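Asks: Starting off with a structure, shown below.
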Amino acid sequence: MYVEEMKRKTALLIVFLVLATNIILSSTFNGLILDNIKIDYTIGNLCIGNAIRVTTDISDDVDPSLIQTDTGYMIAFQSREDIWVTNSTDGVQWSSPVQVTTNTSSDKEPSLIQTRSGYMIAFKSSRAGNYDIWVTNSCDGVQWSSPVQVTRGVDEERSPSLIQTRSGFMVSFSNRSGSGDVYVISSGDGVSWGNLTRVTIDVGGFYLDGFYGTSLIQTNVGYMIAFTSTRRDSVDYGIWVANSSDGLVWSNATPVDIRLDWPVGPIPGDTAWQIFPSLIQTCEGGYMLAFYSTQFFNIGVTNSSDGMTWSNAIQVANPFDQYPSLIQTDAGYMIAFESGRTENNVDIWIITLAEDFVKPLVSVTISPSNPTTSSNVTFTVNATDAESGIANVTLYVDGNMVKTWTTEGSHTYTGGPYPKGNHTYRAIAYDIVGNMAEADGTFIITVEAVSVELSWWIAGVIAVAVVVGAVAIYFVKVRKT
């Protein structure tokens, strides 16, 4: 009950601080638009899409667990003290939720996987008195089996994370018998569970390992667990990882040193917590970690090639969003999360992180086409990007930067007059994830030609001058004779 009260107080504090911050700082922060989640910050070549609302019930929908299935996507989540699931073929349109559990007790924190024969969900439940870990199965995602009890601790067990292994199933969880440690337990068939293994050792329960989440994955070389802990200073929660080659013997935990690359700094006097980890191994063999940070209360993402050194984290959501669930998709990545960004309740949302390796399109035209020393030159720069969008486009004339724009479309700059001779121009465009394209060319400035009318007028003046001169010379000779 203490944990649930802490979550409720945390949620209220978040809402209060976010609303207050919005009033003080308005609705935008250097590219972050709070209302419709347009974010101009990237990790690698990933661009962040708009948020899509998955659930719309008047009750709070929380604790999402997202997977990619053979036919699309599925999310398990908690609502009204029970577990529910919803499906989508495209990640945009989602089905009406199907209720998984119907017990009068409290069922929370689902962890969903697709198995070789259907689906399985691990979750914590108070149906046996204390909160323990339970699992349920389904062949079709609609009809679910009676839950099977996995753990029987004397204290609350929480934060389950379920995987299917080569030989069965494994669940990580936290806080067995009040020790404040992370454990894993395995099963060959998903029914009989045993081989309880202690991953972390916290003598006295000071660190509360896994209290705000565990995330278990099978890697190319074994297993990895990300979990929350206060072991750095016994006060502030951070994320740590441990590895194992067999799931039985685990390495000493190492911290994920997350360097926050936020557009807005932390609340003055606050030390940011990093909690609710969601860890995956990517198709390229590296790792990506989504988490919730109390530095401006939003979701961040960081990645690593080796699971030891992690990139600067970027934010991928707005201050109403937490409890991320990260997966890799065919087109990039997808994150499900809970959010109170609309109305007065919390719903499930998703955002996509798409890979963008396509260069923007940029072109330059000049007018007039044959400029002279007495005319100005207008440069029209067109820059577009259909993937992540244009970050900026800069025009150079004769190697000198003359103008930068930060929106896509058509832009003009007028310069000159320029001296006689050859001149160069170049436009360089970057999209939001850093792809670059350029367009360049030359133009020749000539001396303005004298008009025909002016030529005839000058010729006439010269002719008159010649005649007058000739007459004057004549009269001079006559006078001399």
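None of the figures in this text is laboratory data; all of them are computed from the coordinates on show. Since the model is a prediction, treat every value here as computed from it, not as a measurement. Positions of Cβ are backbone-derived with ideal geometry, glycine not excepted, and every protein chain shown enters the neighbour counts.
Asks: Under the rule of at least 5 residues apart or a separate chain, name every residue whose amide H is placed under 5 Å from the amide H of Thr165.
Replies: Correct list: Met170.
Asks: Counting other Cβ atoms within 10 Å, keep those with at most 10, restrict to DSSP loop, and tell me which chymotrypsin sites (Phe, Trp or Tyr not before Pro) in the stretch 74-108 are left.
Replies: Taking the stretch 74-108 and a limit of 10 other Cβ atoms within 10 Å, no loop chymotrypsin sites (Phe, Trp or Tyr not before Pro) are found.
Asks: Return the long-range amide H neighbours of Asn392 (sequence gap of 5 or more, or a different chain), with a cut-off of under 5 Å between placed amide H atoms.
Replies: Correct list: Tyr430.
Asks: May I pose another question? Select from the stretch 98-167 those trypsin sites (Lys or Arg not before Pro) which occupy a DSSP coil region and have at most 13 other Cβ atoms within 10 Å, ordered by residue number.
Replies: Arg116, Arg152, Arg166
Asks: A further question on this structure: Taking loop as defined by DSSP and a crowding limit of 16 other beta carbons within 10 Å, which trypsin sites (Lys or Arg not before Pro) in the stretch 197-235 fit?
Replies: Within the stretch 197-235, the qualifying trypsin sites (Lys or Arg not before Pro) (loop, at most 16 other Cβ atoms within 10 Å) are Arg232.
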